[in-house]
Amino acid sequence: MANHFEFYSGLRGYHVYKNSADWKPYEKEKVTLKREKNNKHDKFAVAGRVTMRGRFGWIIVGHIPREVSRYVWYSILEGAKYEVEVFKKEPIASPLLQGGLDIPIKVLVTLYSPENLSILMEKVKDVQYPIAGAYIDNSKEILKELVGDEMDENSDCEIDDGESEIELIDE
């Protein structure tokens with residue numbers, strides 16, 4: 001008996017692939033996942049691929065985030081079936097520190113092993129990828145935990161609340 005669940009993620013790397021592949025995603029566009037065995041950046045990389053009119057074969061348009069790629073990679077090896085579609089066509093900012101753009105995707109996983117499915121569900125839930133809802137920046141709380149009571153009005157520790165304006169500098 002097949003077991004399945006749905007989760008939301010980002011197809012990472014739109015800022016890279018939008019120009020090289022000339023890909024313009026649309027809502028409900030089908031994306032195929034493929035394990036990459038020779039990716040020099042992530043040995044458990046899972047590429048998102050689409051077919052485009054006028055192109056022969058598949059083109060890579062992004063990757064499953066590294067935070068969950070290992071689990072997706074192994075679940076594909078174990079026979080998991082993934083139905084992936086573009087959830088929103090507009091790219092969103094990647095939660096990575098170095099930035100980038102992600103395309104929001106909806107993922108339906110079907111796996112025959114209930115125990116493997118529960119492991120995958122738990123790992124995906126732990127990541128809490130900010131696609132379906134708003135991204136919550138917990139930087140303040142994390143910094144307070146690290147610095148503790150040492151943080152006061154006269155402290156050198158500054159917490160950006162994300163509401164400051166960007167200052168432009170003329171060169």
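Odds and ends about this structure:
- Model label points for Lys88 and Asn3, set 7 angstrom from Cα along the Cα-to-Cβ axis, are 3.1 nm apart.
- By accessible area with a 1.4 Å probe, ligands and nucleic acids excluded, highest first: order of Thr51, Thr32: Thr51, Thr32
- Rounded accessible area per residue of the stretch 1-108, 1.4 Å, Å²: 60
- Per-residue accessible area (protein heavy atoms, 1.4 Å probe) orders Trp73, Trp58, Trp23 as Trp58, Trp73, Trp23, starting from the largest.
- Among the listed pairs Lys40/Lys89; Lys30/Lys106; Lys24/Lys106; Lys24/Lys88, those whose Cα-Cα separation exceeds 21 Å are Lys40/Lys89.
- Gained length - Thr32 relative to Val16, 0.36 nm times residue gap less alpha-carbon distance: 3.9 nm
- In the stretch 30-100, taking the dipole from charged Cβ atoms about the Cα centre, the farthest positive-side position among Ile60, Val84, Leu97 is held by Ile60.
The values are calculated or read from the model by the stated rules, or taken from the named source; none is laboratory data. Given the structure is predicted, the values throughout are model-derived calculations rather than measurements. Glycine gets a Cβ as well: all are built from the backbone with ideal geometry, and neighbour counts include every protein chain shown. Ligands, DNA and RNA are excluded from the accessible area calculation, which covers all protein heavy atoms including side chains. Shrake-Rupley method; radii C 1.70, N 1.55, O 1.52, S 1.80 Å.
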